[in-house]
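Notes for the one structure printed next.
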Amino acid sequence: MKLSRRSFLKLAGTAAAASVLAGSGLESKAAAAEAIRVHYGREVPTICTFCAVGCGIICHVQNGVIINAEGDPDHPINEGSLCSKGSSLYNVSYIYDAKGRPKPNPYRLTRPLYRAPGSDKWEEKSWEWMLETIARRIKDTRDQYFETRDASGVTVNRTNAIAWLGSAFCTNEENYLYNKIARAIGIVNIDHCARL
């Protein structure tokens, strides 16, 4: 059978239309409708924390549980679009089980882990212990290596033994405050991970 281009297009169009029409009448509208899990969730606008761009995200919350996260179409930075990291933000905290219900992600860290020097094991510590240990080590290092004057006698009030690296996970406001803290305790080696 010889098939011209025009006949082929007619045949393909007819086949596509027939398959659409055949599939649309098989189920009732109520049976074909899929339950939308975010329908009853409360919308909470927030900012993505994966980098310092500040894309807008809408989290849908139901009974205190985040059930969905998606780009905010009214946000001026991302206008509803999200990168692959922002799109997976929901999966940091929750995953869906086989029945489509949200449950906490079992791989998410919820407590600080500490590995002692020379050890090959991580151990769980409390937030109080972790923050106290970090603060004590910063203070001890600062006190041990603090310079009030340099070699030529100029007042410098600094320590070169500590470096501060800003985080793209933080907002600009948080990084501003961290920078102020670092400068207040005499740290001069300050950088940000976005520059590296």
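If you go through the range 84-119, how many residues are closer than 28 Å to residue 72 by Cα and either outside any loop (DSSP other than H, G, I, E, B) or in contact (Cβ under 8 Å) with a residue 12 or more places away in the chain (or both)?
Kept after step one, since they are closer than 28 Å to residue 72 by Cα, are these residues of the range 84-119: 84-110.
The next check asks that each one be either outside any loop (DSSP other than H, G, I, E, B) or in contact (Cβ under 8 Å) with a residue 12 or more places away in the chain (or both); those that pass are 84-87, 89-96, 100, 102-105, 108.
Of the residues in that region, 18 qualify.
Can you tell me which residue within the range 2-51, out of those that are assigned to a loop (DSSP other than H, G, I, E, B), at pLDDT 65 or above and over 28 Å from the mean Cα position of the chain (by Cα), is farthest from residue 101 (Cα to Cα)?
First, the residues of the range 2-51 that are assigned to a loop (DSSP other than H, G, I, E, B): 2-4, 25-28, 33-41, 48-51.
Still in the running and at pLDDT 65 or above: 2-4, 38-41, 48-51.
Now drop any that are not over 28 Å from the mean Cα position of the chain (by Cα), which leaves 2-4.
Values: 2: 55, 3: 52, 4: 53 Å.
My answer is 2.
Residue check, residue 153 against (1) under 30 Å from residue 68 (Cα atoms); (2) part of a loop (DSSP other than H, G, I, E, B); (3) without any contact (Cβ under 8 Å) to a residue 40 or more places away in the chain; (4) not charged (D, E, K, R), all met but one. Which one?
(1)
Within the range 137-176, can you find the residues that are among the polar types (S, T, N, Q) and over 28 Å from residue 49 (Cα atoms)? Please lay out each step first, then the result.
Looking only at the range 137-176, we keep the residues that are among the polar types (S, T, N, Q), and these are 141, 144, 148, 152, 155, 157, 159-160, 167, 171-172, 175.
Passing the criteria: 141, 144, 148, 152, 155, 157, 159, 160.
For the range 120-137, check the following and say yes or no: at least one residue is touching a residue at least 40 places away in the same chain (Cβ under 8 Å) and closer than 30 Å to residue 67 by Cβ.
In the first step, residues of the range 120-137 are kept if they are touching a residue at least 40 places away in the same chain (Cβ under 8 Å); the result is none.
No - not one qualifying residue is present in the range 120-137.
When residue 98 is evaluated against the numbered criteria (1) aliphatic (A, V, I, L, M); (2) modelled with pLDDT of 80 or more; (3) more than 30 Å from residue 56 (Cβ to Cβ), which criterion, by number, is the only one it fails?
Looking at each condition in turn, residue 98 falls short on (2).
Yes/no per residue for (1) assigned by TED's automatic domain parsing to the domain that holds residue 68; (2) in contact with a Ser or Thr (Cβ under 8 Å, 6 or more places away or on another chain); (3) exposed (fewer than 10 other Cβ atoms within 10 Å of the Cβ); (4) at pLDDT below 95:
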residue: 94; (1), (2), (3), (4): yes, no, no, yes
residue: 136; (1), (2), (3), (4): no, no, no, no
residue: 158; (1), (2), (3), (4): no, no, no, yes
residue: 169; (1), (2), (3), (4): no, yes, no, yes
residue: 175; (1), (2), (3), (4): no, yes, no, yes
residue: 181; (1), (2), (3), (4): no, no, no, yes
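Residue check: is residue 164 outside the structural domain of residue 60 (by TED's automatic domain parsing), surrounded by 11 or more Cβ atoms within 10 Å (Cβ to Cβ), touching a residue at least 24 places away in the same chain (Cβ under 8 Å) and touching a Phe, Trp or Tyr at 6+ places or on another chain (Cβ under 9 Å)? Lay out the reasoning, then the answer.
Details: outside the structural domain of residue 60 (by TED's automatic domain parsing): yes; surrounded by 11 or more Cβ atoms within 10 Å (Cβ to Cβ): yes; touching a residue at least 24 places away in the same chain (Cβ under 8 Å): yes; touching a Phe, Trp or Tyr at 6+ places or on another chain (Cβ under 9 Å): yes.
Answer is yes for this residue.
Across the range 64-76, what is the total count of residues that are more than 17 Å from residue 42 (Cα to Cα) and at pLDDT below 90? Lay out the reasoning, then the answer.
Quick first cut of the range 64-76, residues more than 17 Å from residue 42 (Cα to Cα) only: 75-76.
Filter again for at pLDDT below 90, leaving none.
Looking only at that region, the number is 0.
The values are calculated or read from the model by the stated rules, or taken from the named source; none is laboratory data. These numbers were taken from a predicted model, which means no experiment stands behind them. Note that we place each Cβ from the backbone using ideal geometry, even for glycine, and neighbour counts take in every protein chain shown.
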